[in-house]
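Please read the structure below before turning to the comments.
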Amino acid sequence: MSSLTQSSFIHRTVGRIVGAYMLFCGWTTRWTRVNESGARKAWADGKPLIVCYWHGRIMQSHVGWRQSEGAPRTLMLISQSKEGEAIAQACMMVGLDVVRGSTDKAHKRKGGAEALRTMVKTLRAGGSVAITPDGPKGPRMRVQPGVIQLARLSGASMICLGWSTRRRKVLDSWDQFILPLPFGRGAYVWSELRCVPRDADDAAMEVARLALENELTRVAQEADRLVGAAPIAPGDPLASDELAGAPAA
C-alpha cells in the first residue's frame, strides 16, 4: 500500500472514530438549550440558513444541530488539507453533507471559489450550510469576510450557535479547541437570525462582519458561563493573514 493510500486510510479512520466520539458525547451529556425557538421557526418555515460557530467548537456544534428536532440536513465546507479529510469523515458520521474547498491563493486554486458557488446554489435552493467563520487557521474567534459574502450573494439568514460543557479539555491550539468529555452537563445557545442586504456595500459588509463576530462570541461565552466553565476570549485579530475568501473548517 502506497504512503498516500495509507495516509488517506488513516485520516478516514481517525475521522470516523472522532465522529463516533462526537455522537457518544452528545448522547451522554445533559443539555440545556437556550433560544432555540428562532431556529425552530426557520426550520418549520423552510428557510435556508447559514449556521455559524467558532472553529474551536466544532465537536458538538454538528451534533447539536442534527439532534435538534426539525433541523434540516446541512452542507459543511471543509478544507482540502490532509487534516480536512479526517474532519470531513467526522462530519459525515454525524449526518452532515460535505463540500471540499479552501481559500484560493495567488497562482494556486484550492477549490474555494467552486465551494462558494456550491454553497450559494444550495442556499438558493432552500438548503442550509454550516461554516466556521474563523477557520481554517484563524485568528481565533475573528470572522473572515467569506461568510458575509455568502449571506449577501445567497440572501440567506445567518444564525450563530455556541455550546459548552462542564466536563471538557481545552487544547493548546490556535483555536483553543474544546474537547468535550461524556456524562456531563452542557449548554447550546442560539442567536437571532441575521441578514446581509443584497445591495450591501463594503462599509455595510464590514458592519455585518463585526456584528456577527460579536454575536458569535456572545453565544459561545454565554454557553461557557451557563455550565460554569471559563469563557474563551478571541485571539489577536492580526495573528493570521488568512482573512480572505470563503472560510473552511
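The values are calculated or read from the model by the stated rules, or taken from the named source; none is laboratory data. Computed from a prediction, not measured in an experiment: that's the story for all the values here. Reconstructed Cβ throughout: ideal geometry from the backbone, glycine too, with neighbour counts over all protein chains shown.
Of all residues in the stretch 62-76, those satisfying the criterion of being part of a loop (DSSP other than H, G, I, E, B) and among the small types (Gly, Ala, Ser) are Ser68, Gly70, Ala71. Residues in the stretch 28-53 that are of a type outside the set (Gly, Ala, Ser) and more than 24 Å from Asp224 (Cα to Cα): Lys41, Trp43, Asp45, Lys47, Pro48, Leu49.
Restricting Glu213, Glu222 to those that are touching a Gly at 6+ places or on another chain (Cβ under 9 Å) and at pLDDT 95 or above reduces the list to Glu222.
Inspect all residues belonging to the stretch 152-172 and state whether any of them is in contact with a Lys or Arg (Cβ under 8 Å, 6 or more places away or on another chain), hydroxyl-bearing (Ser, Thr, Tyr) and assigned to a helix (DSSP H, G or I). Yes, the stretch 152-172 has at least one match. Does any residue of the stretch 61-69 turn out to be touching a residue at least 12 places away in the same chain (Cβ under 8 Å) and under 15 Å from Leu216 (Cα atoms)? Yes, there is a match, as at least one residue in the stretch 61-69 is touching a residue at least 12 places away in the same chain (Cβ under 8 Å) and under 15 Å from Leu216 (Cα atoms). Of everything listed in (1) surrounded by fewer than 19 Cβ atoms within 10 Å (Cβ to Cβ); (2) in contact (Cβ under 8 Å) with a residue 40 or more places away in the chain, the single unmet condition for Ala39 is (1).
Just one of the numbered conditions (1) closer than 20 Å to Ala220 by Cβ; (2) modelled with pLDDT of 90 or more is not true of Lys137: (2). For Pro237, the requirement of being over 25 Å from Thr122 (Cβ atoms) and in contact with a helix residue (DSSP H, G or I) (Cβ under 7 Å, 6 or more places away or on another chain) is not met. Within the stretch 77-125, if we keep just the residues that are at pLDDT below 85, assigned to a helix (DSSP H, G or I) and not hydrophobic (A, V, I, L, M, F, W, C), the residue that is nearest to the chain's Cα centre (by Cα) turns out to be Gly84. Out of contact with any helix residue (DSSP H, G or I) (no Cβ under 8 Å at 6 or more places or on another chain), of a type in the set (Gly, Ala, Ser) and modelled with pLDDT of 95 or more: does that describe Ala187? Criteria not met by Ala187.
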